[in-house]
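*Asks:* This structure is in structure tokens; I'll ask about it shortly.
The values are calculated or read from the model by the stated rules, or taken from the named source; none is laboratory data. Worth saying up front: this structure is predicted, and the values here are computed from it rather than measured. Here Cβ is always computed from backbone atoms with ideal geometry, including for glycine, and neighbour counts include all displayed protein chains.
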Protein chains: 2
Amino acid sequence: MYLESIEGPQDVRALTAGQRVALASEIRHAIVHKLAARGGHVGSNLGFVEATIALHCVFDGPDDKIVFDVSHQSYTHKMLTGRKDAFLNEECYGDVSGFTDPDESDYDLFRIGHTSTSISLASGLAKARDMRGGRGNVVAVIGDGALSGGEALEGLDYVGGELGSNMIIVVNDNGMSIAENHGGLYRSLADLRATDGASPNNLFTALGLDYRYVAQGNDIDALIAAFTDVKDTDHPVVVHIRTEKGLGYAPAQARKEEWHWHAPFDETTGRSLEAPARTYMTETGDHLLDLMAADPQVTGIIAGTPTVFDFTPDRRARAGRQLVDVGIAEEHAIALASGMAKGGGKPVVGMYSSFLQRTYDQMMDDVCINRSPATFCILNASIWGMKDITHLGLFDIAMIGNIPGLVYLAPTNVEELQAMMDWAVAQTDHPVAIRVPANEPTHAGGRPVRTDYSDIDTYTVEHRGADVAVIAAGDFFELGQAAVRAIDDRLGIDATLINPQFVSGVDGKLLMALEDDHAIVVTLEDGMLSGGFGSKVSAFYAPTAIRVLSYGFAKTYYDRYDPAEVMLRNGLDPDMIARDVADAAADIGLAHHGRA
Amino acid sequence: MYLESIEGPQDVRALTAGQRVALASEIRHAIVHKLAARGGHVGSNLGFVEATIALHCVFDGPDDKIVFDVSHQSYTHKMLTGRKDAFLNEECYGDVSGFTDPDESDYDLFRIGHTSTSISLASGLAKARDMRGGRGNVVAVIGDGALSGGEALEGLDYVGGELGSNMIIVVNDNGMSIAENHGGLYRSLADLRATDGASPNNLFTALGLDYRYVAQGNDIDALIAAFTDVKDTDHPVVVHIRTEKGLGYAPAQARKEEWHWHAPFDETTGRSLEAPARTYMTETGDHLLDLMAADPQVTGIIAGTPTVFDFTPDRRARAGRQLVDVGIAEEHAIALASGMAKGGGKPVVGMYSSFLQRTYDQMMDDVCINRSPATFCILNASIWGMKDITHLGLFDIAMIGNIPGLVYLAPTNVEELQAMMDWAVAQTDHPVAIRVPANEPTHAGGRPVRTDYSDIDTYTVEHRGADVAVIAAGDFFELGQAAVRAIDDRLGIDATLINPQFVSGVDGKLLMALEDDHAIVVTLEDGMLSGGFGSKVSAFYAPTAIRVLSYGFAKTYYDRYDPAEVMLRNGLDPDMIARDVADAAADIGLAHHGRA
């Protein structure tokens, strides 16, 4: 086995051509074997094995610098740069993340997880090199799916027109994004594939870039020849390579979308080890399909991630022309929704909290300043969402909850989610975002479900007590219920429980009324505290005697974390909350008029 | 005079070709005459007079819909759609804004002021039309300078590949942005101009769009012919027209950059009526030039707006290769800076607060998660910044001040700004943003200037008093000084005065120490309160007995406002603050242990 003896790229270079082919096969096997146990990006890594081997044979890292877009295809790179054990040895599986990380290796330049950033980041490395009169190659590796992102297109334009020095952009064209590609540039890529790179219909040359094409993107020798040819170039050049996603693992090759990322599976059959659970994404998508069926104007908009609505191909077929996938182009998705809403349509955008970060300005200027009544379902905005540092979903309340004019709703269960979607789509006065929970779906049970949210920033009192009020937002509502029980257990205080429903504003009338017979207000939110929901309640009560205890997540980055552990670390536990309330109560002498 | 009788587009259509030429001349005169008195976008409007006349002759607004990118070139459009008086009658000059506004006219579709949004917004109108089986043309008008923005490129890609129905994109190519163009796509435009549209090096066709070229972009008849030709097209088409910026007013034609936007001027000579004042932008640019001279690694990065550093062409020449203008491409600018910083360079980005909104994700993922030690100077982040609803600079603290890892500094005078820039550029531990003031530059005078900011989130106590503490950030520091005097006058309380310097975090040690002998804390910030600096102080004190009074701006949009009036409306006045403090003091019985 060759892989076991690879300590770094120099060991790859020492192999013969035939040995490298064997190495590729070993790498592929290691990827499939590890991901069968752990889950991860299957297809994108399998397609880029040969190209990674070729890159490390030709370029001299870490002096030559390779920046991987999204970096979800960097598993082979990790294996070849001193981290093979994390793929060969089960005990070491957790030693590396699924993305590049400079803390792991000097061969990794950035922590990357969002798409379309590699060209800009790499051009910065190139520019810094030029400013100090340095040498060395800078390589950006970007998939075709990521090319449609505005940051990538801005980067191509800059590099093509301004950089004027060494930079190599490897376009890894496997003919698809997570799902099928969308957008005009894919016709250009298709033309180039069909003509062996000769078509004049060429996005890259139109942006001022030199260009070459490699049809055999899974042939190590062909790639080595192409990379050798452009190594030490004195100007930016695109090397467009045609690869096959999922190559070498039959299930991944046959069903590419399903295998872009895959949960743990049986290596022999490709079957998932666990039956897929019904999630809030399924619930959101199901309800959207119902809304679409009831009204042909309702149009789902997604940006390359049909998973936000659990929109598998069959469900996309059901949505038909009532679904628009703009490809990876979040800014455009939001502005498109604003235009549709202004034009009388009923757009419902689905976007992950982490990727919504691309659209702050579009939410502000294109949507909210224009009061466009579009609906935005924000997914994985939760500690139970994606757990890599680059994909956290904890910042959205601070981000869009402070934009004037946006109504941000946080449902606490499936029926409330449905009611909020119904209301948002029917009304025409406000842009409305809905913070879809990410815990296991719960149901209203006996709790009544509010159907009208037109009285903006009015909270619902679920239980009226005294002395202490717990305002528990979204998927932390159950934690609020538990905290109320714990406060009763510890202090004998019958606390008020409030479902705020709105996380973008405070119910001033209710909060003022609470001052009459409450002394302590607790806020709970499944997001970062800084700039978040609780900070609005704190600011409201800041000039008063009310003590506010806000619970959520500290202003820091978490990475590959255990949600239960992070919650405890942030005091998000009914008993810890009750203890804090007891301390505060003692501090202000509340125990005297409490009932305990 | 024809213009006086134009009540709507139908009156333009009724004119003969010769009369329309005369109308264009009248419009041009009205633009120059009004802007001489009021200031505004001179060059961009003068270049687009004929095209606007032609658009309204061919398309049937408001059923046919025209979306103007940035909409700073919409003055002729306003004159032709019932708003001529706002250009002909001095008393009515203030009746219209400098941008499109649906509240002014049904012919205006959106409030727009940021670049690169028109294609996406218009495509939303087109898609909504298609979903309901409607008819009518949708037109987006976009300048060449705005094409490099990611949102525009995403929009082109979507329209070229996905829309599949009527949409017309008029590319108004005047060969420049605010300053000269930057980026590879401008070579494609130049090729197309040089070949009368025949070059195969065509960005638009590469993105799947139909295309035609009009060399005579200031010839009404040529434009009418071209627009008539594409009217009611069943697929998206780009009409690339060559216009001349500033046409018809000699000074604007000769010095295009200076006349993109111009302050009031003498109509005959083109001379400014007021000598340009020395601003914080000049101060920032001057100091950056000094830093560049001292260290060849220091590199300024701008995104199409050299005005952020008051970088006139002569000053850009001084900066030489130490200045990178990426064109209108804010996302790329931020990621480029991250790459440069990681590559050992010393990038200093200059960006207006309003346009920084484009870069939330880049600040978070490309910069902060990677701890890239780049420097960001944020300009016009102030009530004294740009005053149109689309260009407000009040949201940046809430936006980037809540991003983990970003150090956001707010200098209170020129020397502190310089010291912060020196420190930010020299250090290699943190991404650092500097909130450059926007009032009239003030100087440290006798106040000592701190040079080391490496002890993150430590505030400076400028005066140690008791009972009341005033924490006054950035260019509201002088207001803080005045508030301290007013509190003394009214209450006889010698209040503590604090210059926080850091607006992205709280000095927990200092704030805790204040609890010993202070009961009221006042915060002042030149930004939106929601999610802002004061909310952090409120959140810190929320569980304590300290009363916090936070002053800043309410969570709403202001438009074409008077700063003094808006400040008063938000209680930002020393006497009003002192009165609020007196009320709070009375409420908690502070008067008894106050010294008055």
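*Asks:* Please go through region A:144-161 and pick out each residue that is more than 16 Å from A:Asp210 (Cβ to Cβ) and modelled with pLDDT of 95 or more.
*Replies:* Matches in region A:144-161: A:Ala146, A:Leu147, A:Ser148, A:Gly149, A:Gly150, A:Glu151, A:Ala152, A:Leu153, A:Glu154.
*Asks:* When region B:174-216 is examined, which residues are found to be more than 23 Å from B:Leu46 (Cβ to Cβ) and of a type in the set (Val, Ile, Thr)?
*Replies:* Passing the criteria: B:Thr195, B:Thr205.
*Asks:* Is it fair to say A:Ala381 is modelled with pLDDT of 95 or more and part of a loop (DSSP other than H, G, I, E, B)?
*Replies:* yes
*Asks:* Could you pull out every one of the helices (runs of 4 or more DSSP H) wholly within region A:4-107 that has 2 or more residues that are under 30 Å from the mean Cα position of the chain (by Cα) and either more than 14 Å from chain B (Cβ to nearest Cβ) or more than 26 Å from A:Glu267 (Cβ to Cβ) (or both)?
*Replies:* A:17-38, A:43-47, A:49-58, A:75-78, A:85-88
*Asks:* Moving on to the next point. Criterion first (modelled with pLDDT of 95 or more, closer than 21 Å to A:Asn370 by Cβ and within 9 Å of chain A (Cβ to nearest Cβ)) does B:Ser372 satisfy it?
*Replies:* no
*Asks:* Being closer than 28 Å to A:Arg560 by Cβ and either free of Cβ contacts under 8 Å to residues at least 60 places away in the same chain or touching a strand residue (DSSP E or B) at 6+ places or on another chain (Cβ under 8 Å) (or both) narrows it down to one residue among A:Ala140, A:Ala146; which is it?
*Replies:* A:Ala140
*Asks:* Still on this structure, please answer the following. Filtering region A:114-132 down to residues that are under 23 Å from A:Thr359 (Cα atoms) and in contact (Cβ under 8 Å) with a residue 60 or more places away in the chain, which residue is nearest to the chain's Cα centre (by Cα)?
*Replies:* Result: A:His114.
*Asks:* Still on this structure: Among (1) of a type in the set (Gly, Ala, Ser); (2) within 26 Å of A:Gly401 (Cβ to Cβ); (3) away from chain A (no Cβ under 14 Å), which single condition is B:Gly446 missing?
*Replies:* That leaves (2) as the condition not met.
*Asks:* In this structure, is A:Gly527 under 25 Å from B:Ile400 (Cβ atoms) and not assigned by TED's automatic domain parsing to the domain that holds A:Val96?
*Replies:* Judged against the criteria, A:Gly527 is a match.
*Asks:* While we're on this one: Restricting to region B:323-344, and then to whatever is crowded, with 24+ Cβ neighbours inside 10 Å and assigned to a loop (DSSP other than H, G, I, E, B), can you tell me which residue is farthest from the other protein chains (Cβ to nearest Cβ)?
*Replies:* B:Ile328
*Asks:* Quick test of your reading of the structure: B:Leu529 fulfils all but one of (1) more than 34 Å from the chain's Cα centre (by Cα); (2) crowded, with 24+ Cβ neighbours inside 10 Å. Name the failing condition by number.
*Replies:* Of everything listed in (1) more than 34 Å from the chain's Cα centre (by Cα); (2) crowded, with 24+ Cβ neighbours inside 10 Å, B:Leu529 misses just condition (1).
*Asks:* Assess whether A:Asn218 counts as being farther than 21 Å from A:Ser120 by Cβ, modelled with pLDDT under 95 and either more than 9 Å from every other protein chain (Cβ to nearest Cβ) or over 29 Å from the mean Cα position of the chain (by Cα) (or both).
*Replies:* no
*Asks:* Looking only at region A:422-445, filter to residues that are in contact with an Asp or Glu (Cβ under 9 Å, 6 or more places away or on another chain) and touching a residue at least 40 places away in the same chain (Cβ under 8 Å); which one of those is surrounded by the fewest Cβ atoms within 10 Å (Cβ to Cβ)?
*Replies:* The qualifying residue surrounded by the fewest Cβ atoms within 10 Å (Cβ to Cβ) is A:Pro441.
*Asks:* Which one is surrounded by the most Cβ atoms within 10 Å (Cβ to Cβ), of the residues in region B:535-560 that are more than 7 Å from every other protein chain (Cβ to nearest Cβ) and more than 18 Å from B:Ile471 (Cβ to Cβ)?
*Replies:* So, considering only residues that are more than 7 Å from every other protein chain (Cβ to nearest Cβ) and more than 18 Å from B:Ile471 (Cβ to Cβ), the one surrounded by the most Cβ atoms within 10 Å (Cβ to Cβ) is B:Tyr558.
*Asks:* Let me ask you something else. Facing chain A (nearest Cβ under 7 Å) and more than 26 Å from the chain's Cα centre (by Cα): which single residue out of B:Arg193, B:Arg135, B:Arg187, B:Arg111 fits that description?
*Replies:* B:Arg187
*Asks:* Just name the residue that is nearest to the other protein chains (Cβ to nearest Cβ) out of those in region A:345-369 that are within 17 Å of A:Thr299 (Cα to Cα) and in contact with an Asp or Glu (Cβ under 7 Å, 6 or more places away or on another chain).
*Replies:* A:Lys346
*Asks:* Could you please find all residues in region B:225-275 being farther than 25 Å from B:Thr305 by Cβ and either assigned to a strand (DSSP E or B) or among the basic types (Lys, Arg) (or both)?
*Replies:* Result: B:Lys231, B:Pro236, B:Val237, B:Val238, B:Val239.
*Asks:* Can you name every residue in region B:554-577 that is part of a loop (DSSP other than H, G, I, E, B) and out of contact with any Cys (no Cβ under 9 Å at 6 or more places or on another chain)?
*Replies:* Listed by number, the residues that qualify are B:Ala554, B:Lys555, B:Thr556, B:Tyr558, B:Asp559, B:Arg560, B:Tyr561, B:Asp562, B:Asn570, B:Gly571, B:Leu572, B:Asp573.
*Asks:* What number of residues within region A:87-129 are among the basic types (Lys, Arg) and under 29 Å from A:Ala303 (Cα atoms)?
*Replies:* Of the residues in that region, 1 qualify.
*Asks:* If I ask for residues that are among the acidic types (Asp, Glu) and under 24 Å from A:Ile119 (Cα atoms), which ones from region B:163-211 would you list?
*Replies:* B:Glu180
*Asks:* Something else: Residue check, B:Ala466 against (1) within 14 Å of another protein chain (Cβ to nearest Cβ); (2) over 18 Å from the mean Cα position of the chain (by Cα); (3) over 28 Å from B:Asp295 (Cα atoms), all met but one. Which one?
*Replies:* For B:Ala466, the exception is condition (1).
*Asks:* Can you name every residue in region A:543-572 that is touching a residue at least 24 places away in the same chain (Cβ under 8 Å) and more than 13 Å from A:Met528 (Cβ to Cβ)?
*Replies:* Those that are touching a residue at least 24 places away in the same chain (Cβ under 8 Å) and more than 13 Å from A:Met528 (Cβ to Cβ): A:Thr544, A:Ala545, A:Ile546, A:Arg547, A:Val548, A:Leu549, A:Asp559, A:Arg560, A:Tyr561, A:Pro563, A:Met567.
*Asks:* Would region B:221-239 turn up any residue that is within 14 Å of chain A (Cβ to nearest Cβ) and crowded, with 24+ Cβ neighbours inside 10 Å?
*Replies:* Within region B:221-239, one or more residues are within 14 Å of chain A (Cβ to nearest Cβ) and crowded, with 24+ Cβ neighbours inside 10 Å.
*Asks:* OK, next. Of all residues in region A:578-595, count the ones that are under 14 Å from A:Ile487 (Cβ atoms) and assigned to a loop (DSSP other than H, G, I, E, B).
*Replies:* 2
*Asks:* For residues that are of a type in the set (S, T, N, Q) and under 17 Å from B:His114 (Cα atoms), scanning just region B:28-74, find the one that is modelled with the lowest pLDDT.
*Replies:* B:Ser44
*Asks:* Another question, then. Taking region B:158-183 on its own, how many of its residues are within 7 Å of chain A (Cβ to nearest Cβ), of a type outside the set (D, E, K, R), out of contact with any Lys or Arg (no Cβ under 7 Å at 6 or more places or on another chain) and surrounded by fewer than 24 Cβ atoms within 10 Å (Cβ to Cβ)?
*Replies:* The qualifying residues number 1.
*Asks:* For region B:205-237, which residues satisfy the criterion of being within 12 Å of B:Leu55 (Cα to Cα), among the aliphatic types (A, V, I, L, M) and either in contact with a strand residue (DSSP E or B) (Cβ under 9 Å, 6 or more places away or on another chain) or outside the structural domain of B:Thr16 (by TED's automatic domain parsing) (or both)?
*Replies:* Scanning region B:205-237 gives B:Ala222, B:Leu223, B:Ala225, B:Ala226, B:Val230.
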